[in-house]
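Below is one structure, written out as structure tokens; the observations come after it.
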Amino acid sequence: MMRFPTFVLIPVFILGAVIQIGCDRVKKEPSGGPGGGQPGAAPGGTSTAGAKSLVEARKGFKTRLVRPAPAQEPVDEPPPKLFRTVKYDAPVGKLAAYLTPDPGDGKKHPAIVWITGGDCNSIGDVWTPAKPDNDQTAAAYRKAGIVMMVASLRGGNDNPGRREGFLGEVDDVLAAADFLARQAYVDPARIYLGGHSTGGTLALLVAECSDRFRAVFSFGPVEDVSGYGPDNVWTPFDFSNPRELELRSPGYWLGSIASPTFVFEGTAPPGNLSSLRAMARTSTNANVRFLAVRGANHFSLLAPVNRFVAQRVLKDDGPKCNLAFTEDEVNASLRK
């Protein structure tokens, strides 16, 4: 079953549960100066609790989950020539993912962890060809020969754990990268992260907690998760506590990002263009690029821009990430 949404900022969950989080897989902290940004600065410019980074802010925090969990469903079985279903070890137990099979050529390939939109804790059909104006499968990567891992997260499908909504899920994504790095046909130095919509928001939060990924591609995120509203499966936490929202909102922590990170959104509705522009205004971190895709919307940018990014990833084969592209180059991809 496809679980991807066809809407934006839309606008189901463990009553009164309190869970302590870690995010202990810390990165090398940026130390200000060029690219340092202002960790702890809110999307509107107001300081938060004064933490120097998202990693620091999350330490010891106990989230309160206030909504009952939705019914669980097993993952759909994929076509074996395109994906196999695997289980990866995460802090809450073994979680399901789709992984493209070994091509059998004896080579080490670049790879990407992809986080879907909507209910980003669950995965479904990412193999049926989609219309080019709404291709949420990110198939461009596997078609280019990039190993692709579509990861489910805690509480999604029939996974163990409880959904936390952009919090403990950060650690699940990092665990997925560790699993991917151990595959014989994956180059462990060339593992990327991508996500769309809610998955894009989570991808930004991962980048703010860790430099584990060679580069990060975030499509259509929000800067402040309060915009999603409290009544979605991916927002099961206590909305009355501002700290719950701050620790899940990437706009507060852009200065924490140390890996090359590219944020995309279309200029046409529907979309989260206001979030892209708000983050672009407040960020002083040279590691992050905000790219508006002219004439595209939240969905139609996916197919052409993912194709463009996939081709650049194939050429990014040096000892360090050399990815760099301009807004004009990204916009030109829509015409191809």
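Quick one: residue 131 ticks every box in (1) over 30 Å from residue 336 (Cα atoms); (2) open to solvent by 40 Å² or more (accessible area, probe 1.4 Å) bar one, so which box is it?
Single failed check for residue 131: (1).
Of all residues in the stretch 115-125 being of a type in the set (Val, Ile, Thr) and in contact with a Lys or Arg (Cβ under 9 Å, 6 or more places away or on another chain), which is surrounded by the fewest Cβ atoms within 10 Å (Cβ to Cβ)?
So in the stretch 115-125, the residues of a type in the set (Val, Ile, Thr) come out as 115-116, 123.
Those left that are additionally in contact with a Lys or Arg (Cβ under 9 Å, 6 or more places away or on another chain): 116, 123.
Working: 116: 27, 123: 29.
Of everything passing the filter in the stretch 115-125, 116 is surrounded by the fewest Cβ atoms within 10 Å (Cβ to Cβ).
Among the residues of the stretch 150-168 satisfying the criterion of being surrounded by 24 or more Cβ atoms within 10 Å (Cβ to Cβ) and touching a helix residue (DSSP H, G or I) at 6+ places or on another chain (Cβ under 6 Å), which is farthest from residue 236 (Cα to Cα)?
151
State all residues of the stretch 225-239 that are at pLDDT 95 or above and open to solvent by 40 Å² or more (accessible area, probe 1.4 Å); if no residue qualifies, say none.
Answer for the stretch 225-239, where residues must be at pLDDT 95 or above and open to solvent by 40 Å² or more (accessible area, probe 1.4 Å): 226, 239.
Confirm whether residue 165 is touching a Lys or Arg at 6+ places or on another chain (Cβ under 7 Å), under 26 Å from residue 265 (Cβ atoms) and in a loop (DSSP other than H, G, I, E, B).
yes
Name the residues in the stretch 83-101 that are surrounded by 15 or more Cβ atoms within 10 Å (Cβ to Cβ) and of a type outside the set (Ser, Thr, Tyr), would you?
Of everything in the stretch 83-101, those that are surrounded by 15 or more Cβ atoms within 10 Å (Cβ to Cβ) and of a type outside the set (Ser, Thr, Tyr) turn out to be 83, 84, 86, 90, 91, 92, 95, 96, 97, 99.
Is it the case that some residue within the stretch 198-214 is in contact with an Asp or Glu (Cβ under 7 Å, 6 or more places away or on another chain), at pLDDT 95 or above, over 14 Å from residue 234 (Cα atoms) and not aromatic (Phe, Trp, Tyr)? I'd like the intermediate steps shown before the answer.
First, the residues of the stretch 198-214 that are in contact with an Asp or Glu (Cβ under 7 Å, 6 or more places away or on another chain): 202.
Then keep just the ones that are at pLDDT 95 or above; that gives 202.
Of the ones still in play, those that are also over 14 Å from residue 234 (Cα atoms) are none.
No, the conditions are met nowhere in the stretch 198-214.
For the stretch 125-150, give me the residue count where each residue is touching a Gly at 6+ places or on another chain (Cβ under 9 Å) and either at pLDDT below 95 or part of a helix (DSSP H, G or I) (or both). Let's see the steps before the verdict.
Going through the stretch 125-150, the residues touching a Gly at 6+ places or on another chain (Cβ under 9 Å) turn out to be 136, 138, 141.
If we keep only those that are either at pLDDT below 95 or part of a helix (DSSP H, G or I) (or both) too, we end up with 141.
Number satisfying all stated conditions: 1.
When both residues are 6+ apart or on different chains and their Cβ atoms are under 8 Å apart, which pairs have a first residue that lies in the stretch 307-336 and is surrounded by 16 or more Cβ atoms within 10 Å (Cβ to Cβ), and a second that is of a type in the set (S, T, N, Q)?
As it stands, the answer is 307/333; 308/333; 316/322; 321/259, since those pairs meet every condition given.
The values are calculated or read from the model by the stated rules, or taken from the named source; none is laboratory data. This structure is a prediction, so every number in the text was calculated from the model and none was measured. Neighbour counts are summed over all protein chains in view; Cβ atoms, including those assigned to glycine, are modelled from backbone coordinates with ideal geometry. These area figures cover heavy atoms from the full protein model, side chains too; ligands, DNA and RNA do not enter into them. Shrake-Rupley method; radii C 1.70, N 1.55, O 1.52, S 1.80 Å.
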